[in-house]
Amino acid sequence: MIGVVSLFAVVLLSLLITRVATVALVLTGMSKQAARFQARSAFTGVGFTTSEAESVVDHPVRRRIVMALMLLGSVGTASVVASLLLSFVGLRGRGTELEQVAVIVGGMALLLAVLHTPSADRWLTGVLQRLLRRFTRLDARDYAGLLHLSGQWMIGEVRIREEDWVANRALREMDLPGEGVLVLGIQRRTGKWIGAPGPETCMRPGDTAVLYGPRDVLADLDDRRRDHTGEQARGDARARFSRTLQEQQRLDRDA
């Protein structure tokens, strides 16, 4: 009987560990389905190689969660095997063995059924989320993945100089969204941070602008000067982005 109780305790603890890891991965920006799959994969040591696994490896917080799961998983597997052996030690007779197996199978089925009911799942997930948010700092989203910062798109800093095309101009006047560029914030030379600046906000020499947009446009803005070449570069960038929007609209209609 001690072996059976030990087995149930180990399995229950294993399920709770994977559930905690799933909720923790969700708090870093993963979908619930992907987080559950990766948590169970790491805990059991299966290790599927997918793009989701790459997103775990490339994210420092997710990587720490999965490393802990791998360590706990190796301990958990050994504990389950030991508990199973202990549950059958000292048994006499085939009937006794069958009864023990029936108790184990029935108990496992009941345990899984209870933990996977919608109400129990919502309650347990809610409790774990509150605990993790209170006692950890796992709400670290994968912003590189969310903003698709690969290939064409990037976030960059542009140091504003006196001769730059953007210097001493209001955002409304420059109309950077027409080139596919969003101004996420401006770091004033005094140290003041302006997040999500309004249309009347000016970029001043000495400021640092944090921009999100196409890689080539951000590079061009960093080199664009206040002369005829700057205006020409602006026109070319707007024309390219207009063609990109038309292509995206066409693909959206065909989808």
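The values are calculated or read from the model by the stated rules, or taken from the named source; none is laboratory data. Keep in mind the model is a prediction, meaning the values are calculated, not measured. No Cβ is skipped: glycine too gets one built from the backbone with ideal geometry, and neighbour counts run over all protein chains shown. Side chains included, ligands, DNA and RNA excluded: accessible areas come from the protein's heavy atoms. Shrake-Rupley method; radii C 1.70, N 1.55, O 1.52, S 1.80 Å.
Calculated FRET efficiency, residue 204 to residue 63, Cβ-Cβ distance, R0 = 30 Å: about 0.15 to the nearest 0.05. For the set 192, 32, solvent exposure ranked by accessible area (probe 1.4 Å, protein chains only) runs largest to smallest as 192, 32. Placing one equal scatterer on every Cα of the stretch 174-255 and applying the Debye formula, the log10 ratio I(q)/I(0) at q = 0.12, 0.18, 0.22, 0.24 Å⁻¹ is -0.42, -0.83, -1.09, -1.21.
For the stretch 21-32, 3J(HN,Hα) computed residue by residue from phi via the Karplus equation (6.51, -1.76, 1.60; θ = phi - 60°) reads 5, 4, 4, 5, 5, 4, 5, 8, x, 7, 5, 5 Hz, glycine and proline entered as x. Of the solvent-accessible surface of the stretch 177-253, computed with a 1.4 Å probe and all protein chains present, 52% belongs to carbon and sulfur. The simple Förster model, with R0 at 22 Å and r as the Cβ-Cβ distance, assigns residue 236 and residue 172 a FRET efficiency of 0.55. Ordered from largest to smallest accessible area (heavy atoms of protein chains, 1.4 Å probe), the residues 67, 174, 30 come out as 67, 30, 174.
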